[in-house]
Amino acid sequence: MSAGPILFQWTGDAMEPARRSHNICNATFVVGQFYRLEEILDRSAKSHNHYFADLSESWKNLPEDMAERFPTSEHLRKFALIKCGFADQRQIVCSSKAEAQRIAAFVKPMDEYAIVTVRDAVVTVWTAHSQSMRAMGKKVFQESKTAVLEYVAGLIGVSRDDLRENAGMAA
């Protein structure tokens, strides 16, 4: 099913695909076979916009010593996602510390937002999870949003409520 989630409607007796998805269902599913159906709750545009407004406000209020480290709010967001555990981690064990340094230097430009570290002969690469609507459902998005905003509020030394108020957004 590469077409993405299919919209269904509960009729009281069965889940019926939306008219626009009927041909996709005919091409994908076998009549009489059982399939698992999982509800995916859409997140609201308001929640999404709130998140990015708070992030922008945080980024604008970074202390000078941090401003160079995070040239854009996107850099700040991805860093915070990684620090809050919404990331993938990969490790490469090299034959020497020098080789690990070379591998790290090679890997880093592949993702400007990744965190790449070298410890002895081991290179560790962390990349932030995507927060796109398709990649992250409502529940996980809300968890990551809360964690990231609390993290960045801490970076600038304000409470999450103060940050929200300064961004002019409601909870």
For region 1-113, which fully contained helices (runs of 4 or more DSSP H) count at least 3 residues that are closer than 30 Å to V158 by Cα and either free of Cβ contacts under 8 Å to residues at least 12 places away in the same chain or within 28 Å of the chain's Cα centre (by Cα) (or both)?
45-60, 64-67, 73-83
Taking the conditions exactly as written (out of contact with any Lys or Arg (no Cβ under 7 Å at 6 or more places or on another chain), under 28 Å from E38 (Cα atoms), open to solvent by less than 40 Å² (accessible area, probe 1.4 Å) and of a type in the set (K, R)), does K139 satisfy them or not?
no
Restricting region 76-126 to residues that are of a type in the set (K, R) and open to solvent by 40 Å² or more (accessible area, probe 1.4 Å), which is farthest from F52 (Cα to Cα)?
K97
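Considering only residues that are aliphatic (A, V, I, L, M), in a loop (DSSP other than H, G, I, E, B) and within 26 Å of V148 (Cβ to Cβ), which ones fall in region 114-134? So that I can check it myself, show each step before the final result.
Of the residues in region 114-134, the ones aliphatic (A, V, I, L, M) are 114-116, 118, 121-123, 125, 128, 133.
Next, only the ones that are in a loop (DSSP other than H, G, I, E, B) stay: 114, 121, 133.
Hits for region 114-134 are A114, M133.
If we scan region 149-170, do we find a residue that is touching a helix residue (DSSP H, G or I) at 6+ places or on another chain (Cβ under 8 Å), within 30 Å of P5 (Cα to Cα) and small (G, A, S)?
no
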Between A18, A45, A53, which is closer than 24 Å to F141 by Cβ and surrounded by 13 or more Cβ atoms within 10 Å (Cβ to Cβ)?
A53
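The values are calculated or read from the model by the stated rules, or taken from the named source; none is laboratory data. This structure is a prediction, so every number in the text was calculated from the model and none was measured. No Cβ is skipped: glycine too gets one built from the backbone with ideal geometry, and neighbour counts run over all protein chains shown. Surface accessibility is based on the protein's heavy atoms, side chains included, excluding ligands, DNA and RNA. Shrake-Rupley method; radii C 1.70, N 1.55, O 1.52, S 1.80 Å.
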